[in-house]
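One structure below.
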Amino acid sequence: MGKTVLVTGVGGNVGQGVVRNIKNSGYDVRVVGTNTEAVSGGNHLCNKVYQVPFSSSPDYISDMVRICVNEKVDLIIPCTDYETYYLAKEHKSLPVLSSSDAKVSYIFLNKYHTWMEFRKYEIPFAETFLPSMYNNEFKETIVKPAEGRGSRDIHLNPPDMLSFSDDFIVQKLYKGAEITTAFYVTKKKKLLGLITLRRTLSQGTTTACEVVFDYDKKIMEIITEIIRHFNVKGSCNIQSIVVKNGEIVPFEVNGRISGTNSIRSQFGFDDVKYTLQEHLYNEQPLKPIVKKGSAVRLYMDVIYPGINLNEIKDKTTKHYIY
C-alpha cells in the first residue's frame, strides 16, 4: 500500500521541486500539497491540494492536524522556514516531520540568533548587529530583515542605521562568489554527504548554478561543527560568500530542504529521496556520489483549457505544460 506525504508551500519553487523529486523517486507516494493560495503553480503536481492560513495564524496547526487525519498523512515535508518552526513546535500532534527540532528551527529562522549561537562555538558566520547596536564597525554594510528571505528589502550602505528597527540586521558587505551548500544528517546524527553550487540569483531564487568541489574541505569543517553543537536533522542548507582570500563566510542557514533540491537531485544528491527512505521506509540512504554539471532555470506555463481559476483543483484538473 502506498504512503501519503504532505508537502507545504507548493506555490513556491522549494515545494514544487520536492513534489517533482517525490514523483521521480521510484516509490509509490501520494502527495497532498498545502499553500496559502488555493491555486498556484504546484496544483498540477499534487494528488490533492488544500489552502491553509499563514503558519503564524492561530488556525494553522488545527487545519494541518485536520488535513493529516483526513488524508491519512504519513510524513510532512515543510518547505518554508516559518512552517518548519511552527510545525516542529507542535510535532507531537502531527505525523512524522522531516525537520530539525523547534529550538534549532527558531535559531536558523533569525540571522541574528544564528550569529549569536554560532559565535558561542566559534563557528564561522557573517558578523551581525542589530541596527540599535551598530556603531560603524564596517566600511561597507548590507541591511536586511533578520527573518527575511528571498533577497527582499535589502539595503546596501544605507546612511542612517537608526532608520531601521531591530527587525533588521546589519552585516558586513562581503564581496565574492555566492555558494549554496546542502547537506543531509541522518536520524543517527551522521553526515551523509553534501553538495555545493556556485550560483546567480534573482529575487533570492537560483537562476543558474554549477556544481563545485573547491570548497568541500572548508565547508565540511563548518558542517561538522554545526552537527556537533546543534540538533540538526535531515536536509539543511548553508548560504555563504567566498571572499578573495578563499575564506568562506556563511550568512544564512536553513534547517529544511532548500530551493535547489530539484537541481541537485540530478547531480547525485537527492535529499528528498533520502527523506523518504529514512522516514517512510526505514531504509539507510546510500552516500551521495556528486557529479559535475550545471543548470539554468526557466519559466514554463501550466495551461488549463476552458477552466476558470477557481475551478482548478489538483493534478486531475485537465491541463498541459507549455
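Things worth noting here:
- Calculated FRET efficiency for the pair Asn157/Thr200, C-beta based, R₀ 22 Å, to 0.05: 0.50
- Among Thr180, Thr8, a tally of other beta-carbon atoms within 10 Å of each Cβ gives an order, fewest to most, of Thr180, Thr8.
- Isotropically averaged projected area of region 127-172, using the convex hull of Cα atoms (one quarter of hull area), nm²: 2.9
- At 0.692 mPa s and 37 °C, Stokes diffusion of region 193-322 via Kirkwood alpha-carbon radius, µm² per second: 190
- Mean projected area (nm²) of the alpha-carbon convex hull when region 3-99 is viewed from all directions: 5.3
- Correct option for Cα extents along the principal axes in Å [calculated from the coordinates] among (i) 57, 43, 41; (ii) 80, 47, 35; (iii) 73, 53, 38: (i)
- The stretch between Thr316 and Ser294 holds 4.6 nm of extra length on full extension. This uses 0.36 nm per residue minus the Cα-Cα distance.
- Viscosity 1.306 mPa s, temperature 10 °C, Stokes-Einstein D of region 28-151 from Kirkwood C-alpha radius, µm²/s: 94
- Antiparallel DSSP beta bridges within the chain, as percent of all bridges there, nearest 5: 75
- Taking the longest Cα principal axis of the chain as reference, the axis of helix 216-229 is set at about 80 degrees.
- Rounded to the nearest 10 degrees, the angle from helix 271-280 to the longest Cα principal axis of the chain is 60 degrees.
- From helices alone, the chain scores -7000 deg cm²/dmol at 222 nm; the rule is -39500 (n - 2.57) for each run of n ≥ 4 DSSP H residues, then divide by the residue total.
- Table column - 3J(HN,Hα) (Hz), region 153-160, Karplus curve with 6.51, -1.76, 1.60, x for Gly and Pro: 6, 9, 10, 9, 6, x, x, 10
- Set of lysines near Lys175 by C-alpha distance (under 27 Å), chain-local residues within fewer than 8 positions excluded: Lys111, Lys120, Lys139, Lys144, Lys217, Lys218, Lys244, Lys292
- Residues Ser57, Ser235 arranged by fewest to most Cβ contacts within 10 Å: Ser57, Ser235
- Only lysines eight or more places from Lys3 in sequence, or on another chain, were considered; those with a Cα closer than 17 Å are Lys23, Lys48, Lys72, Lys273.
None of the figures in this text is laboratory data; all of them are computed from the coordinates on show. The structure presented is a predicted model; accordingly, all values stated were derived computationally and were not measured. FYI the Cβ positions are ideal-geometry reconstructions off the backbone, even for glycines, and counts take in every protein chain you see.
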